[in-house]
Every structure is written in structure tokens, then in C-alpha cells.
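The values are calculated or read from the model by the stated rules, or taken from the named source; none is laboratory data. Computed from a predicted model, the values in this text were never measured in an experiment. Here the Cβ positions follow ideal geometry from the backbone for every residue, glycine too, while neighbour counts run over all protein chains shown. Heads up: the accessible areas ignore ligands, DNA and RNA and are worked out on the full protein's heavy atoms, side chains in. Shrake-Rupley method; radii C 1.70, N 1.55, O 1.52, S 1.80 Å.
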Amino acid sequence: MTVLNGLLASEQVPAAAEGIFSLMWLLIAFPLAGAAILLLVGKRGDSWGHVLGTLTVLSSFIVASFLFFAEVGREAEDRAIEQILYQFFAVGGYEVNVGLLLDPLSMAFVLLITGVSTLIHVYSMGYMEHDPRRRRFFGYLNLFVAAMLLLVLANDYLILYVGWEGVGLASYLLIGFWQHKPSAATASKKAFVVNRVGDVGMSLAIMASFAAVGTSEILAVTGAADRMSTGWLTAIGLLLLLAACGKSAQVPLQSWLLDAMEGPTPVSALIHAATMVTAGVYLIVRSGPIFEAAPVAQNAVVVVGTVTLIFGAIIGTAKDDIKKALAASTMSQIGYMMLAAGLGPVGYVYAIFHLIAHGFFKANLFLGSGSVMHAMNDEVDMRVYGALRKVMPWTFVTFTVGYLAIIGVPPFSGFWSKDKIIEVAFDTSIVAGVAALIGAGITAFYMTRVMLMTWFGDKRWRDDAHPHESSPIMVGPLVVLAVLSAVGGAMELRILPGGGIEPWLEPATGYLKSDHILPTIAYPLITMAVVAIGVIWSWMVFGRDPIPVTPPAGSVLTRAARRDLYGDTFNETVFMRPGQYLTRTLVWFDSKGIDGAVNGTAAGIGGLSARSRAIQTGFVRSYALSMLAGAVVVIAALLLMGGRL
Amino acid sequence: MNPSNYIVLSAILFSLGAVGVLVRRNALVVFMSVELMLNASNLSFVTFARTSGTLDGQVTAFFVMVVAAAEVVVGLAIIMMIYRSRRSASVDDASLLKL
């Protein structure tokens, strides 16, 4: 194994923030201020709210660009800069400062987040034009961007957690944006509850890191990875993996992602494709040294990634809802990123590379699907699409570019990143490599299905559908994202400022070049062959005969894929129903048992007193008898005591 | 001159008085039985004073007699009032203090 610059992640020593870097906090401050203003200004801001929302994110992007070029001007070892804003709290021996760490890894994320957000905000100005609550939408989007930036810039796991929760909140608010729809409200609750399970993992990991090392600062914890016992390391690693599964919709916490498509399409593009769901991958890569020192946790990451990439791909083949098909695709692609991240320093760089490329083409595909939905009266069922390429040429071209990128056709960006992941997967484990390859084939299959059902074939439109091309404000971001999807693979070029993605990320994540078992040219050829098989098979199933408008019965596997491979059924039977029975039993116990005990005691005492009342007869002679009896008892006691009193 | 005879007599008189209080219905007879109990205790006081050779018991007997007299005054007055309003001297009839 050869190393590029000889640096490992835990060796980064951050410099203090000076000059332009002292403006780092503006990255978060702009969208946060935007969110506060937009949510507090009320109806007055309805006319200009969306413009302000877009300008704040654009300003963050401009600041991020300046910071990027300033970082490029520094030496490779010197690119980590830390800015401590203020002390959050200091209790006992535990001190937490609100600090921002800008190193190559977080810089890449910041550029992706601010750049893609700006494009999606511009798109949303057109998409949400007729929505009466548009200002609030932009406020929530800004809140999301602020929280996500805090997440990737945090220098302490606890501050990362603040951002983590913030994006979860923004996701809840945005999925349920159309509050009047019960399905949207339910979906947002489901997303929040499933994310909560992952958040338990995150908070326990923070507690464990405090117990093991005494601090939750990221560089301190990862730097101490060689000193902690394997038990602590494995525990922290598995808990972080649980957190990542929740946020990134990996198996077993994947059930919320498909329901999250109830939100408006820009939300699906930004949160559930390009940024929030990648936070799990960021967490794993950031905590790399912990996983490298705990092989059990690392293998768990690889297993989760491999299982999810196949799981998501299978689900995607049977979904007729265009957004749900793309969501299943997102689940699968993040599985690829998790797989790469679980392979250690050989894979971190490629996980991030694929993450960025995926951000481009998946946002492109989602915004394109939003454009199609806009044209078809918000219809999502692909069975009533067909032959749209003549009516919506711009969306068709940009969507096709995204399609070619995701299936991995050279020279588009997806080819470079996915091919690298398949390479390193094969080098580490044949099973993972074969799974990644099959996943690529299935990806080609279902994406071709989406293309054929939407853009080609015969018109299967409903009577009231009059599809038209979208306005320039929506088509503009599509074009930009299509260009990025096409040329994004150039990130590997060494001539870029920063030196290309591998040397750029190496000081932050570590990089090792793995030895290939086959000659390097073999991998792309095998991958392209599998992709071609997927495309041709899909064309043979969907491209030749007309698509039926009512879904056919399908095989067992098709029905299983339509039911999300029984993910919801599993959650219901294993967690929900026993939980319901438990709560019902407890309620029964509370009303019969505890209330019964309290009421029974009260009734008993009442009965006792009713009986005791009968002593009050009113007869003087009976009172006299009791007095006599008492006197006799006292005298007998005195006599028996024999004067000992 | 056996003091135990007097003590036994006092005990018998006391028991007779107690039984009378419990058994008889007429308020005046109940009063008479109470007087009988008081006098029985007087007798035992005086007997013990004789056996111990001091005068304490005889002084106490005086006190008891004074208290008995005062009690009779008040009690008879109450019985008279009850008889006037109810036309009955039976203790069983005055049983309104019940639940």
C-alpha cells in the first residue's frame, strides 16, 4: 500500500483562524439570520421573503468560495483551521466550546451544501411561486442550511449533534410542509421518530466518548483512538453507525425515506438527496480513526452499506411513483458511500467523491422530476407519463445527463466515482465487490425504466394534463446541475486548485492506495458491461411493449419490492405491535391495578367506618357497659403487671 | 375485726351498683345505683384508713361524699327537665345522639 503524502487523519493540528478565516462563522450566520427573519417577519415579508432566503445562501456560497481559495493557497498539512466562537458550557471536568473546524473535508461539504442549496433555492422561487406559505418554506430551508453547515463545521461531537438535531427538525418541518395533507403529517412524524432511534446512538456515542476520553472534541477523540480499549472503540463505532443509519436511511432505519417524498420536490432534492442524508457518511468518515481501530465496527459499516445498496436498488425497480423510485436510488447510492467509508483509508476519499457527484446528479434528477410533476399537475405516477421528451426538451436533456451520470457511463461524473468504489470494494472483499457490481447493474435497470416510462413510449396522459416546459427560473438550476453532473468527474484531475480530490482530502481523512487484484483497466470494462446488461434488459422489459396504466400483478419479488421489501411490515410486527400491546397492558394495569388499589383502599376504609359508626347507638346503657369493660381491662392489666408499671 | 370482710362487702356493693346502672331502665333507679357505687368505694376507703392507721382515707371519704351530693343535685335537675319535656323517665328513650 502506498501513501500519497504520508499523512494520517489524526495528525492534523488545526491552526487558529486569522484573516479571511475569521469570517468562517458567517457561513452559518447568514442562513440562520435569514431563517429568523423569514419566520418572524410575518405576512409583511411575503413579497420579498423568497428573495432574501436565496440571497443568504448565495452569500454563504460566496464566503465559502473565498475560504476555499484561501485554503488552496496554504500548504497541504496546514489546511485545518479552527475558530472557537464561545464556550457552550463547562460542568465538572467536561468542557464544550462552540467551535468551527474548517479542514479539507468540511470545506468540500461546505461548498457542496451552499452551492447546491443556492441552485435549489433559485429553483424553489419558481416551483413554490403559487404557494401561499412560500416565505415560511424559505425560512425552513434556510434553517436547514444553517443546521447542516453547523453539522459539518463543528469541532465537537456535541455541537455536531446540535446541527444533527437541527437538520432533523428542518426535515420534519419540510416533509410536513403541506400540513393539511394527513399523509404528509404522518410521513414527517415517521421520519422524526425513526431518526430519533439513530439520535439515541449519537447521544450514547457522545457519552461513551466522554467516559472513555473525558472530552467530546472530535480531533481529541479520534487522536486518542490508539489509546482507548477495543471495547470502548467498538461501542463508540457501533453507536455512531446507528446514528448514521438513522440519518442516512440505511438498513435497518431506512423506512422513513420513501415516505419523506410527501414533501415538496425541492425538499426532496436538497435534504433527501444531496445533503442531509449524507450526514451519516460524513460522520463515519470524520470518525475514521475510531473505525480503523475497531474492526468489528468497520465490518459492520461495510455490511450495512452492502446490504442497503442492494436493498434500495431492488425497491427502486418496482416503484411507479417517480419520486419514490429516486428515493430508493438515493438509499442505494448512500449504501455505496457507506461501503466505501467502511473500507478504511482506501475508501474514504472515494466515498466523499461519490457523495459530491451524487449530490450533483441526484439533485438534478429530483429537480427534473419536479419539473415534470409541475407540468403534469403534480402527478407522480409514471404510468400516466410517457413521450414527454418532445414537450419538455430542456428537462429531458438535463434529466438524461443525470441518468447517464447515475448509471455510470463515462465520461460523466458517476462513472469515475462509482468505478473507484467498485475497485476498492473488490480489493478488500470479493463479496462486497460483487454486490457493488450487481448493484450497478440493478441501478442501470431501474433508472432506464424511469427514463423509458417518463420520456419515451406512447402518451398515457390523463385528460386534463397539458405538459409544458418549465419557466427559466426552474430550468436554469437544472442546466447548471446537469453541467456539474457531466464534468464533475474532473474532480479527480490533479491540475485543479487543491490538487484533485485525493490529495485535497488526504490530510483530513487519510488516504491509502490499495493494490488491485486485476489490472486497473479491467474494472471499468466489467462495470460497463454489467451496466449495459442492465440497460438492455430494462429496454427489453419496458421499452418494447406499451406500459400498462394499471400496474400488473407482477412476480413475488415485484410485489415485495412494491411493499418496500416488507420494511414497514417488519417494523410494525417487531416494534409497533408489541409496543402497542405493552402500552395497552400498562394502561390496563394502571386503571385496574393501581387505580384499583387506590380506590379499593378508599372503599375499604369507607366500609370500615360505616361499620364502626354502628357503635354510636345513642343508648346510655351501652356506653356505660363499654366504660365498665374498659375499667375492668385496665385494672386487670395493673394486677397482672404486678406493680411493674 | 377482719378488714377483709369490709373489703369484700365493699366489692359486693360496688358490683350490685354497677349491675343496677347497666340493667335498670328508670333514670332515678340508675341514680340510686350510682350512689350505691359511691358509697361502696367510701366504705373501702375508710377500711383501708383503719388498717393503715392514717386518716387519709377518711378525709377522701369526705371528698367523695361532697362530690356525690353535688352530682345528685345536678343529675336530678336534669332528670326533672327530661321528664317534663318527654313524660318518660326511661334512659332508653333518650337515644337521639346516634347516627
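Below, the figures for the structure above:
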| quantity | calculated |
| --- | --- |
| Residue in the stretch A:68-90 that is least open to solvent (accessible area, probe 1.4 Å), counting only those that are acidic (Asp, Glu) and in contact with a Gly (Cβ under 8 Å, 6 or more places away or on another chain) | A:Glu71 |
| Any pair with Cβ under 6 angstrom, 6 or more apart, that starts in the stretch A:590-617 at a residue that is free of Cβ contacts under 8 Å to residues at least 24 places away in the same chain and ends at one that is surrounded by 11 or more Cβ atoms within 10 Å (Cβ to Cβ) | A:Gln616/B:Lys98; A:Thr617/B:Lys98 |
| Evaluation of A:Gly600 against (1) under 30 Å from A:Phe445 (Cα atoms); (2) open to solvent by less than 100 Å² (accessible area, probe 1.4 Å); (3) modelled with pLDDT of 90 or more (one fails), failing number | (1) |
| Selection status of A:Ala243, touching a His at 6+ places or on another chain (Cβ under 9 Å), under 22 Å from A:Phe311 (Cβ atoms) and crowded, with 24+ Cβ neighbours inside 10 Å | no |
| Within the stretch A:130-153, tally of residues that are in contact with a His (Cβ under 6 Å, 6 or more places away or on another chain) and either surrounded by 24 or more Cβ atoms within 10 Å (Cβ to Cβ) or modelled with pLDDT of 95 or more (or both) | 1 |
| Tally, over the stretch A:91-129, of residues that are surrounded by fewer than 19 Cβ atoms within 10 Å (Cβ to Cβ), under 30 Å from A:His50 (Cα atoms) and in contact (Cβ under 8 Å) with a residue 24 or more places away in the chain | 1 |
| Failed item in (1) outside any helix (DSSP H, G or I); (2) within 14 Å of chain A (Cβ to nearest Cβ), with B:Thr54 passing the rest | (2) |
| Test result for B:Val67, within 14 Å of chain A (Cβ to nearest Cβ), out of contact with any strand residue (DSSP E or B) (no Cβ under 8 Å at 6 or more places or on another chain) and loosely packed, with under 13 Cβ neighbours inside 10 Å | no |
| Any hit, the stretch A:563-585, residues being surrounded by fewer than 11 Cβ atoms within 10 Å (Cβ to Cβ), over 23 Å from A:Glu379 (Cβ atoms) and of a type in the set (Phe, Trp, Tyr) | yes |
| Search result, residues across the stretch A:515-534 that are within 28 Å of A:Trp455 (Cα to Cα) and open to solvent by 40 Å² or more (accessible area, probe 1.4 Å) | A:Met528, A:Ala529, A:Ala532, A:Ile533 |
| The stretch B:1-51, subset within 11 Å of chain A (Cβ to nearest Cβ) and in contact with a strand residue (DSSP E or B) (Cβ under 9 Å, 6 or more places away or on another chain), residue surrounded by the most Cβ atoms within 10 Å (Cβ to Cβ) | B:Ala27 |
| Subset tally (residues that are part of a loop (DSSP other than H, G, I, E, B) and modelled with pLDDT of 75 or more) for the stretch A:1-48 | 9 |
| Unique residue being within 32 Å of the chain's Cα centre (by Cα) and outside any helix (DSSP H, G or I) when the list is A:Pro519, A:Pro546, A:Pro551, A:Pro524 | A:Pro551 |
| Members of the stretch A:176-221 that are over 18 Å from A:Val162 (Cβ atoms), within 22 Å of the chain's Cα centre (by Cα) and in a helix (DSSP H, G or I) | A:Ser183, A:Ala184, A:Ala185, A:Thr186, A:Ala187, A:Ser188, A:Lys189, A:Lys190, A:Ala191, A:Val193, A:Val194, A:Val197 |
| Long-range neighbours under 7 Å by Cβ, at least six apart or interchain, first residue on the phi > 0 side of the Ramachandran plot and more than 10 Å from chain A (Cβ to nearest Cβ) within the stretch B:77-99, second in a loop (DSSP other than H, G, I, E, B) and at pLDDT 90 or above | none |
| Residue within the stretch A:229-239 that is modelled with pLDDT of 90 or more, within 27 Å of A:Val116 (Cβ to Cβ) and in a helix (DSSP H, G or I) present | no |
